[in-house]
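See structure below.
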Amino acid sequence: MAAAPAAAGSGAGRGRRSAATVAAWGGWGGRPRPSNILLQLRQGQLTGRGLVRAVQFTETFLTERDKQSKWSGIPQLLLKLHATSHLHSDFAECQNILKEISPLLSMEAMAFVTEERKLTQETTYPNTYIFDLFGGVDLLVEILMRPTISIRGQKLKISDEMSKDCLSILYNTCVCTEGVTKRLAEKNDFVIFLFTLMTSKKTFLQTATLIEDILGVKKEMIRLDEVPNLSSLVSNFDQQQLANFCRILAVTISEMDTGNDDKHTLLAKNAQQKKSLSLGPSAAEINQASIVFPPPGASEENGLPHTSARTQLPQSMKIMHEIMYKLEVLYVLCVLLMGRQRNQVHRMIAEFKLIPGLNNLFDKLIWRKHSASALVLHGHNQNCDCSPDITLKIQFLRLLQSFSDHHENKYLLLNNQELNELSAISLKANIPEVEAVLNTDRSLVCDGKRGLLTRLLQVMKKEPAESSFRFWQARAVESFLRGTTSYADQMFLLKRGLLEHILYCIVDSECKSRDVLQSYFDLLGELMKFNVDAFKRFNKYINTDAKFQVFLKQINSSLVDSNMLVRCVTLSLDRFENQVDMKVAEVLSECRLLAYISQVPTQMSFLFRLINIIHVQTLTQENVSCLNTSLVILMLARRKERLPLYLRLLQRMEHSKKYPGFLLNNFHNLLRFWQQHYLHKDKDSTCLENSSCISFSYWKETVSILLNPDRQSPSALVSYIEEPYMDIDRDFTEE
């Protein structure tokens, strides 16, 4: 066991030494070995045994050793800090010692984060490393948590100033010394305790910064419902504090590597979902339900936290702060809009008039005009995606996408005049007005001359060809059209020249970006689906064979990107062919695109390629649409009693490629996975039904017919796979 520390300055060096200290000295009477002490401290830190703190050494020994190693007196200061921070201390001397330690670490941390630190010899150890190695981090945690200890029924108290010093020293050590942040993250009671320090404005910023760093490396996310008085804590934040707190919320409400990215396979996602069902809600889901938003402040004209208090900052810096704070809030709202609490969040966003607030901010901050030199981070340029200005725009567009997607509140993006325009479109077309439009609370919509959606269309049409915003802009507008097709919504956008803009980007500018092309094709499909006027406009713009060939080249260059447009045109063709109307007949006879899709060889070419480019093991949220588009083609063929013909043609195409069975076996496996995936996911099935106007029961029936094991059935896949090439029972997990 380590000996108790001798009193400072009392000849303690002659006292009895602990076994660990003796070993550090290399035996009785020896001289200190240069690295032996640090090695043993490091070993003790890892094992929890042996040398772990400065208090296990005498002051004389530490002073002697410091002369050789230049530890800046840190171990001796820690020895004094321990002696002056006991439970019955008044902490006055303790705070003075912290004031001595703090500058020794802060300069080092500043040099570290600004990358101005110079290479040092391997024998020189940073101050933060020495501070941690001699037990400084654990000691500060104990000091900070003293208020959790009661003596005779009374809680101990330490000053905000002392807490602030402790937090700053801990943060600087985390910045400079590897492993410290992870060790703090393992102290769950300490992490929860840190939230209580956010009640004081004096310690708020230091606490928030440290919590954010700790949560960023924590393996298991904390649960916000374990934080004492969370509701009271948040409701007392001012707008600047709330914006900072959103940085912490962003971590706590985001799933930790659950495979939500589009690039993760659906097999992996399904396995994760099964695991999640057995384990119950994740910590992130629980945290989303725990969040309590304060009522909007009386001074909140913009709908987002305002930071006008920074009046002494240069204008460019004030704008930077505005952007960074609003960025955090937008991200949190985005995550919540995609979570289980979506409807509740939607209601709160509407009631707090966030959308009108964003509309007012649009020109002032979000899409403001600025000089090329403004808001550019060191080492970046104004076109870099890391720029706060660009990040804010992208996060804003993501929020609009999440807000509009399959939700009737999307009409809050319009103003009263634009809502009246939707009603007029329905009246002129002699169709019922959209119920969601009728139910929209007019007091919550955008004000001013233009609504948020119209503003977005305006900047979208002005965006340079190489802009990184094009993808997000198209996604945001497309989300407004998703769900059950609305003729009035389509016409509202068509009247503002959206179709011509999309075709210009696809054909005339010959866009090369795959992401932008995919978003434009998806948007074009939603804009044109079942809409005769849209097809007339298409034919008017694509008015030469040369233009049409460029358009087809873009479609055929990647079916993963364009298949949603192919699906929408195929569905529209089927509907038009069943309508008796002169206007429709005229479009059918004149439109190049409809004529092209109507040809059976064209449909078979699309069908063959759509099935061939996907496999069960490679299906993702991004490319599963290829499977559903192939099913749409076959469902429409089934309606016309042509399903056996299409299957027979697929078989012939297989043989022509000299690979009999390879395509139909793959399709069989894909359909088996389709059953497993969609028959247990209500939302996905609803989306399929709404977007295609084909009942989900017909989807299920068609898949069952195709998977019929009876080889005598003319509509079963197995009837067209020759016995020697049959391979339909492969395990999905098989590579």
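Calculated accessible area for region 638-734 comes out at 53 Å² per residue, all protein chains present (probe 1.4 Å; ligands, DNA, RNA ignored).
Here the 3J(HN,Hα) profile of region 388-398, calculated from phi with Karplus coefficients 6.51, -1.76 and 1.60 at θ = phi - 60°, is x, 4, 6, 4, 4, 4, 5, 5, 4, 5, 5 Hz, Gly and Pro shown as x. Here residue 500 and residue 600 are evaluated by their C-beta separation; at R0 = 25 Å the FRET efficiency comes out at 0.20. Its Cα centre serving as origin, region 638-734 has a Cβ charge dipole (Lys and Arg +1, Asp and Glu -1) of approximately 460 debye. For the peptides 645-657, 432-444, residues were scored by their other Cβ atoms within 10 Å and the scores averaged per peptide; the highest-first order is 645-657, 432-444. Rounded, prolate or oblate: which fits region 163-228 when a ≥ b ≥ c are the square roots of the eigenvalues of the alpha-carbon gyration tensor, with rounded for a/c under 1.5 and prolate only if a/b beats b/c? Cα axes put region 163-228 in the oblate bin.
With a Förster radius of 56 Å, plug the Cβ-Cβ distance of residue 186 and residue 662 into 1/(1 + (r/R0)^6) and report the FRET value to the nearest 0.05.
Here the calculated transfer efficiency is 0.60.
Using a probe of 1.4 Å, the accessible surface attributed to residue 220 totals some 140 Å² when neighbouring protein chains are kept in position.
Of 71, 472, 367, the residue with the largest accessible area leads and the full order is 472, 367, 71 (1.4 Å probe). Extension gain, residue 199 to residue 541, is 117.0 nm, computed as 0.36 nm per intervening residue step minus the present C-alpha separation. Taking the average, over residues, of other Cβ atoms within 10 Å as the packing measure, peptides 61-70, 74-83 rank 74-83, 61-70 from highest down.
Gain on full extension, evaluated as 0.36 nm per residue between residue 465 and residue 161 minus their Cα-Cα distance, stands at 104.1 nm. Rolled with a 1.4 Å probe across the full set of protein chains, the surface gives residue 596 an accessible area near 50 Å².
Rounded to the nearest 20, the size of the Cβ-charge dipole of region 146-197 about its Cα centre is 260 debye, with Lys and Arg at +1 and Asp and Glu at -1. Figure legend: label point modelled 7 angstrom from the Cα of residue 713 along Cα→Cβ; residues of region 630-666 with amide N under 13 Å from it are 644. Within the assembled protein chains, the solvent-accessible surface assigned to residue 364 is about 130 Å², based on a 1.4 Å probe. Rounded, prolate or oblate for region 539-594? Axes are the square roots of the Cα gyration tensor eigenvalues, ordered a ≥ b ≥ c, and the cut-off for rounded is a/c under 1.5. Oblate. Of 702, 60, the order by accessible heavy-atom surface (1.4 Å probe, DNA, RNA and ligands excluded), from most exposed downward, is 60, 702. When you count the other C-beta atoms within 10 angstrom of each residue and take the mean per peptide, 687-693, 545-551 line up highest first as 687-693, 545-551. Pull out a ≥ b ≥ c, the square roots of the eigenvalues of the alpha-carbon gyration tensor of region 506-644, then state rounded if a/c is under 1.5, prolate if not and a/b is larger than b/c, and oblate in the remaining case. Note, shape of region 506-644 comes out oblate.
Residues whose amide H comes within less than 5 Å of that of residue 620, counting only those at least five positions distant or on another chain, are 266 (H built at 1.01 Å from N in the peptide plane). For an R0 of 22 angstrom, estimate the FRET efficiency from the Cβ-Cβ distance between residue 421 and residue 441 and round to the nearest 0.05. Calculated transfer efficiency: 0.80. For region 380-455 versus region 555-575, the inter-centroid distance based on Cα atoms is 26 Å.
The values are calculated or read from the model by the stated rules, or taken from the named source; none is laboratory data. Source: prediction; values computed, not measured. Positions of Cβ are generated from backbone atoms using ideal geometry, with glycine treated the same way; all protein chains shown enter the neighbour counts. Keep in mind that these areas ignore ligands, DNA and RNA; they rest on the heavy atoms of the full protein, side chains included. Shrake-Rupley method; radii C 1.70, N 1.55, O 1.52, S 1.80 Å.
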